[in-house]
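Working notes, beginning with the structure itself.
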Amino acid sequence: MTLFDMIIIESMPKIIIKQNIRKDAWNWWHACNKISYGENWSQRINNKLQNQLVNKTKKQAFNFLIPYLKKLYKKEDFVQKKWELQNILNKHQKEIFARMKKVTGRKIYKKNLLVF
């Protein structure tokens, strides 16, 4: 590998997976109280979750969601899944960014693309 190749690899945008329980909780609450992309997302969850999220304030929903998501993260081993996904994205990010450029017709200008 030449120095030029190393510089290009270093300057290539990166996709970085982040886990943020508060952003995740907001996403659950928001999705269950708005129609987005013509979809009523609250209809895709069980009744117990609907009762805790639909027509609740953000604070009420977060009081339920934060402990619920912590248990879910642990049960589903989200840390491991996050690293597995990160490895897949690292392996294919050159192709992903090439496709994004082709679809948008624009160069990717961000150094890092954060995915939550």
Response to the item:
The correct count of residues that are modelled with pLDDT of 90 or more and either within 20 Å of GLN19 (Cβ to Cβ) or not β-branched (Val, Ile, Thr) (or both) in the stretch 97-114 is 11
Worksheet item: Based on what the data block shows, is GLN19 within 15 Å of the chain's Cα centre (by Cα), of a type outside the set (Val, Ile, Thr) and not in a helix (DSSP H, G or I)?
Response: yes
Discussion item. For the stretch 36-44, check the following and say yes or no: at least one residue is of a type in the set (Ser, Thr, Tyr) and in contact (Cβ under 8 Å) with a residue 12 or more places away in the chain.
Written reply: yes
Fill in: Considering residues of the stretch 43-66 that are exposed (fewer than 11 other Cβ atoms within 10 Å of the Cβ) and part of a helix (DSSP H, G or I) only, the residue modelled with the highest pLDDT
LYS59
Worksheet item: Given the conditions (1) closer than 14 Å to LYS14 by Cα; (2) without any contact (Cβ under 8 Å) to a residue 24 or more places away in the chain; (3) loosely packed, with under 12 Cβ neighbours inside 10 Å; (4) not hydroxyl-bearing (Ser, Thr, Tyr), which single one is not true for ASN112?
Response: (2)
Worksheet item: Any residue at all in the stretch 63-84 that is touching a Leu at 6+ places or on another chain (Cβ under 7 Å) and among the hydrophobic types (A, V, I, L, M, F, W, C)?
Response: no
Worksheet item: So which of LYS75, LYS94 is within 23 Å of VAL115 (Cβ to Cβ), touching a residue at least 40 places away in the same chain (Cβ under 8 Å), out of contact with any Phe, Trp or Tyr (no Cβ under 9 Å at 6 or more places or on another chain) and not small (Gly, Ala, Ser)?
Response: LYS94
Worksheet item: What is the one condition in (1) surrounded by 12 or more Cβ atoms within 10 Å (Cβ to Cβ); (2) in a helix (DSSP H, G or I); (3) over 17 Å from the mean Cα position of the chain (by Cα) that ARG99 does not satisfy?
Response: (1)
Worksheet item: When you look at LYS56, is it farther than 20 Å from LEU114 by Cα, in contact with a Cys (Cβ under 9 Å, 6 or more places away or on another chain) and among the basic types (Lys, Arg), yes or no?
Response: yes
Item to complete: Could you tell me which numbered condition TYR37 fails, if it satisfies all but one of (1) loosely packed, with under 11 Cβ neighbours inside 10 Å; (2) over 19 Å from the mean Cα position of the chain (by Cα)?
Response: (2)
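The values are calculated or read from the model by the stated rules, or taken from the named source; none is laboratory data. All figures in this text were calculated on a predicted structure; none of them were measured in a lab. Cβ coordinates were reconstructed from backbone atoms using ideal geometry, including for glycine residues, and neighbour counts include every protein chain displayed.
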